[in-house]
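Q: Pasting in a structure now, in structure tokens, and then I'll have a few things to ask.
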Amino acid sequence: MAEEHNPKISQRKKPQQARSSELVSAILQAATQVLEQEGANRFTTARVAERAGVSIGSLYQYFPNKAAILFRLQREEWERTSDLLGSILRNAEETPRRRLHQLTLAFLHSECEEAAMRTALNDAAPLYRDAPEVQEARASGENVVSEFLQQLLPQCSAADLARAADLINSTLGNVGKHFSESPRSAAEIQDYASDMAEMFCAWIREKGADLQ
């Protein structure tokens with residue numbers, strides 16, 4: 001029987017000892033392999049447990065269902081992306097324009113390198129996307145862009161800044177997904193990223209920001 005959509009996705013318990021942490025790490029590594037190789041439709045807790053070499057009971061000690069495992073993988077992917085964006089956008093040694101160019105290039109590289117995994121996670125999203133934990137997990141990455149825009153456009157209202165951050169985040173996500181669906185050369189990634197960055201720059205300049 002198929003698992004219900006949007007079930008509980010929080011871990012049952014947190015690993016407290018090194019051995020428990022190693023078990024959770026093995027489960028997540030196995031889950032990544034199953035998801036990449038077999039896709040979201042064939043992803044099951046039984047396959048993950050078998051690949052990890054653990055009993056299904058041991059898996060269920062930490063993850064109540066497959067949605068909880070998939071959400072954990074998605075959350076970690078969002079956290080990596082947030083850290084990447086933050087390290088670039090908070091680097092005051094670079095001009096804002098340069099940071100935007102670095103941002104788009106790094107993001108597209110990441111999308112292309114992890115295309116199979118991100119496609120599978122996107123396919124699995126209906127299992128957990130309406131859970132309250134999802135909005136909280138996504139907020140950190142969105143806040144990084146918001147902070148950057150607040151520094152550039154202090155004269156803008158909170159509503160305008162929220163819309164601007166959503167525009168950039170949505171564009172990065174949707175363009176990255178479409179772009180990474182086909183194999184891309186380094187030159188293609190560079191050109192696409194540069195053009196997208198210049199679009200962002202032109203729009204932000206029009207709002208009154210100095211990007212130099």
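Q: Exactly one of (1) exposed (fewer than 15 other Cβ atoms within 10 Å of the Cβ); (2) in the same structural domain as R138 (by the TED database); (3) assigned to a helix (DSSP H, G or I); (4) not small (G, A, S) is unmet by W78. Its number?
A: (1)
Q: Just checking, does segment 116-130 include any residue being in contact with a helix residue (DSSP H, G or I) (Cβ under 6 Å, 6 or more places away or on another chain) and open to solvent by 80 Å² or more (accessible area, probe 1.4 Å)?
A: The first filter runs over segment 116-130 and keeps only residues in contact with a helix residue (DSSP H, G or I) (Cβ under 6 Å, 6 or more places away or on another chain), leaving 116-117, 120-121, 123-124, 127-128.
This time we only want the ones that are open to solvent by 80 Å² or more (accessible area, probe 1.4 Å), so: 123.
Yes, the conditions are met somewhere in segment 116-130.
Q: What's the total number of residues in segment 175-190 that are surrounded by 14 or more Cβ atoms within 10 Å (Cβ to Cβ) and either β-branched (V, I, T) or part of a helix (DSSP H, G or I) (or both)?
A: 7
Q: Could we say that E142 is charged (D, E, K, R) and in the same structural domain as L167 (by the TED database) here?
A: Spelling it out, E142 is indeed charged (D, E, K, R) and in the same structural domain as L167 (by the TED database).
Q: More than 30 Å from D191 (Cα to Cα) and either in a helix (DSSP H, G or I) or assigned by the TED database to the domain that holds S194 (or both), is that true of V34?
A: Numbers: more than 30 Å from D191 (Cα to Cα): yes; either in a helix (DSSP H, G or I) or assigned by the TED database to the domain that holds S194 (or both): yes.
Yes.
Q: Give the residues of segment 125-183 that are more than 21 Å from D210 (Cβ to Cβ) and of a type in the set (D, E), sorted by residue number.
A: D130, E133, E136, E142, D166, E181
Q: Which of the following residues is open to solvent by 20 Å² or more (accessible area, probe 1.4 Å), of a type in the set (A, V, I, L, M, F, W, C) and modelled with pLDDT of 90 or more: L23, L28, L35? Steps first, please.
A: On the way: L28 fails: open to solvent by 20 Å² or more (accessible area, probe 1.4 Å); L35 fails: open to solvent by 20 Å² or more (accessible area, probe 1.4 Å).
Matching residue, one of L23, L28, L35: L23.
Q: Picking from A68, A49, A116, which residue would you name as being modelled with pLDDT of 95 or more, over 30 Å from R205 (Cβ atoms), hydrophobic (A, V, I, L, M, F, W, C) and in a helix (DSSP H, G or I)? Please lay out each step first, then the result.
A: Numbers: A68 fails: modelled with pLDDT of 95 or more; A116 fails: modelled with pLDDT of 95 or more.
When all the criteria are applied, what remains is A49.
Q: What pairs come out if I take residues in segment 187-212 that are over 17 Å from F107 (Cβ atoms) and pair them with residues that are assigned to a helix (DSSP H, G or I) whose C-beta lies under 6 Å away, six or more apart or interchain?
A: Going by the 6 Å Cβ cut-off, the qualifying pairs are A209/L152; L211/P96; L211/R97; L211/C201.
Q: Let me ask something else. Under 6 Å between Cβ atoms, at least 6 apart or on separate chains: pull out the pairs that start in segment 85-110 with a residue that is farther than 17 Å from W203 by Cα and end on any residue that is open to solvent by 50 Å² or more (accessible area, probe 1.4 Å).
A: Hits for this filter: A106/L84.
Q: Six or more apart or on different chains, Cβ under 7 Å: which pairs go from a residue in segment 149-174 that's open to solvent by 60 Å² or more (accessible area, probe 1.4 Å) to one that's in a helix (DSSP H, G or I) and of a type in the set (A, V, I, L, M)? Could you list them?
A: From residues that are open to solvent by 60 Å² or more (accessible area, probe 1.4 Å), the pairs are Q150/L161.
Q: In the list E93, E114, E188, which residue meets the criterion of being under 18 Å from the mean Cα position of the chain (by Cα) and among the acidic types (D, E)?
A: Of the residues listed, the single one that is under 18 Å from the mean Cα position of the chain (by Cα) and among the acidic types (D, E) is E114.
The values are calculated or read from the model by the stated rules, or taken from the named source; none is laboratory data. Quantities reported herein were computed from a predicted structural model and do not represent experimental measurements. Using ideal geometry, Cβ is built from the backbone for each residue, glycine included, and neighbour counts are taken over all protein chains shown. Keep in mind that these areas ignore ligands, DNA and RNA; they rest on the heavy atoms of the full protein, side chains included. Shrake-Rupley method; radii C 1.70, N 1.55, O 1.52, S 1.80 Å.
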